[in-house]
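Below is one structure, written out as structure tokens; the observations come after it.
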């Protein structure tokens, strides 16, 4: 996180010198080998994202077995879309629970 904080402090000056857009946040990715004692035979990797923005730190960790890609690619292409899908499912459940009627026509009108 210290490296990400440092980047957030130094990149605006670099951007101003080179007439580039000033970054709002900084995201750094890395990975490390990890295996819990109970995971015998599994070869796992921890991908971590260090994000810093003006509101503070936002660290994220993902344990995966994906090996043939970079940490950033695995995080952004595999795990972010999966999280977004879970958000859609939660939203659908809220629509179903809060719907005044369980009528299919009313449910379909929520998706238009």
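All of the numbers you see were taken from the coordinates with simple rules; none came from a lab. Note that the coordinates shown come from a computational prediction; the quantities given were computed from them, not determined experimentally. Cβ sites come from the backbone with ideal geometry, for glycine too, and all protein chains shown count toward neighbours.
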Exercise for review: Could you state the angle between the C-alpha long axis of helix 80-98 and the longest principal axis of the C-alpha atoms of the chain, as a value from 0 to 90 degrees rounded to the nearest 10?
Suggested key: 30 degrees
Check your understanding: Given (1) 16.6; (2) 17.6; (3) 13.6, which label gives Kirkwood radius over Cα pairs in Å as computed from the coordinates?
Key -> (2)
Point to revise | Approximate spin-label separation residue 44-residue 72, in nm, with each point projected 7 Å along Cα-to-Cβ | key: 2.6 nm
Study note, to complete from the structure: From fewest to most C-beta neighbours within 10 Å, the residues 66, 89 line up as 89, 66
**Study point:** Cα long-axis angle, helix 2-17 against the chain (0 to 90 degrees, to the nearest 10)
**Key:** 80 degrees
